[in-house]
1. Can you give me the long-range amide H partners of CYS209? Hydrogens built in the peptide plane at 1.01 Å from N, cutoff under 5 Å, separation of 5 or more residues or another chain.
2. Evaluate the distance, in nm, between pseudo-label points positioned 7 Å from the Cα of ALA13 and of SER156 along their respective Cα→Cβ axes.
3. Have a look at PRO239, CYS222, ILE170 and report the one farthest towards the positive end of the charge dipole of the stretch 141-260, computed about the Cα centre with Cβ charges (Lys/Arg +1, Asp/Glu -1).
4. Quickly work out the THR74-to-HIS225 label distance, labels modelled 7 Å from Cα along the C-beta direction, and quote it in nm with one decimal.
5. Test of understanding: ordering HIS225, HIS283 by Cβ neighbours within 10 Å, fewest first, what list do you get?
6. Using the per-residue mean of other Cβ atoms lying within 10 Å as a proxy for protection, in what order, highest first, do the peptides 154-160, 191-197, 251-257, 229-235 fall?
7. What's the local net charge at VAL211, with K and R +1, D and E -1, over the other residues with C-beta under 15 Å away?
8. If you plug each phi of the stretch 186-203 into the Karplus form 6.51 cos²θ - 1.76 cosθ + 1.60 with θ = phi - 60°, what whole-Hz ³J(HN,Hα) values come out, in order, with x for Gly and Pro?
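Every number here is computed from the coordinates shown, using simple stated rules; none is lab data. As the structure is a prediction and not an experimental result, all values here were calculated from the model. Cβ atoms come from the backbone with ideal geometry, glycine included; neighbour counts cover every protein chain shown.
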Amino acid sequence: MNATAVIIIAIAAAVVLGALAFTTLARRTDVRGAGALSGETVRRDASARAAKTDVAPSGATAAEVEAAGVAARTGVAVAPVEKESSLTPWVPPDPDALGVSRRQFFNRATISLMAAGIGTFSAAAFVAFLWPTKTGGFGSKVSVGRYDDVISGIRSGNGFFYAPEARAWITMYPAEALPKGEKVYEASMLPGLQKGLIAQYQKCPHLGCRVPQCLSSQWFECGCHGSQYNRVGEKKGGPAPRGMDHFPLAFSAAGDVTVDTGTIVRGQPIGTNTTGQEAEGPHCVGASEH
C-alpha cells in the first residue's frame, strides 16, 4: 500500500469516527439506568397489588395484608405479626441520576476510540510516507536491458549509451586494454570490463554538472568548466580532480545487464590512460590539456 492510499484511509476513518462522536455527544440518551424497572416487572407488581387489595381491606397494615394473603392461599387464618418499625415509602430513583455515569462511559469510550483510531492511522500514514520505497531506482541495482540490446544501443548512439534510470553512461571497453584495466580498476569493475563494457556516473567530479558526450571527439566533455574525459571516463583535460566515477556492472545468466548505482567507484587519478584513446575529432568544449 502506497503512502497516498494510507493517507486517504486515515482521513476517511477520521471523518467517520468524528461523525460517530458528534452523534453520540449530541443525542440525549434515554437510558434509565441499572435501577430502572422493566415494563413486565411493573405490570406484575400492579397485578400483585390488585390481588392483595382484593384479599385485604383498604387501609390494612402490611402484616394484615400478609396474613390475609396466607389465609387466602391455605385456608388457615394466621394472626398478623406486627412490627414495631414502620415501612419507609419507596421512592423511585431519578432516571437522569442513574444514567449519567452510563452516558459518561459511552461518551468517553467513543472519544477515546476516535482518538486512538486517528492516532493509529496518522502514524501509519506518516511511516508509509517516510518509508523508503526503492524498487529499482537510482541508489539501487538498476536493470538497463539485455546485453545485446546495450551493445546495439552503444553502436546506434555512435559510441555512447545513456541509461537515465541509472544516471549513467555505458560505453565499450576495448579488449586490448583489458590487461592494463585489470591492474588499475578495482575488483568490482572487472566483470564489466571483461564483458567489454564500462559504466560512468553522469556527474562531473569537479562540481557535479551532468557531463554529456561529444560525438565529434568521442570524449565526454563537461560544458560547465571544460573538464574532458576519454570514452571510458579517464580524465584528459580541465579542472576535474580525477576521472569520472563508475558503477559496477553485473550480468545474469539470461543476459540481463544491471548497474549497481548504490556503489560508486571513485574515478581514476589524473594521468590514467588504459585505452590510449585520443580525441577523434573537434572538441565540443574548449581544448584538452595534453
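1. Residues meeting the amide H criterion: CYS204.
2. 4.9
3. Toward the positive end, the furthest listed residue is PRO239.
4. 11.8
5. Details: HIS225 14, HIS283 17.
Exposure proxy ranking, most exposed first: HIS225, HIS283.
6. Working: 154-160: 14.4, 191-197: 18.0, 251-257: 12.9, 229-235: 26.0.
Top of the packing list down: 229-235, 191-197, 154-160, 251-257.
7. Working: positive: ARG167, LYS203, ARG210, ARG231, LYS235, LYS236, ARG242; negative: GLU221, GLU234, ASP245.
That sum, taken over residues with Cβ under 15 Å, equals +4.
8. Couplings: 6, 4, 5, 8, 5, x, x, 4, 5, 8, x, 10, 8, 10, 9, 5, 5, 7 Hz.
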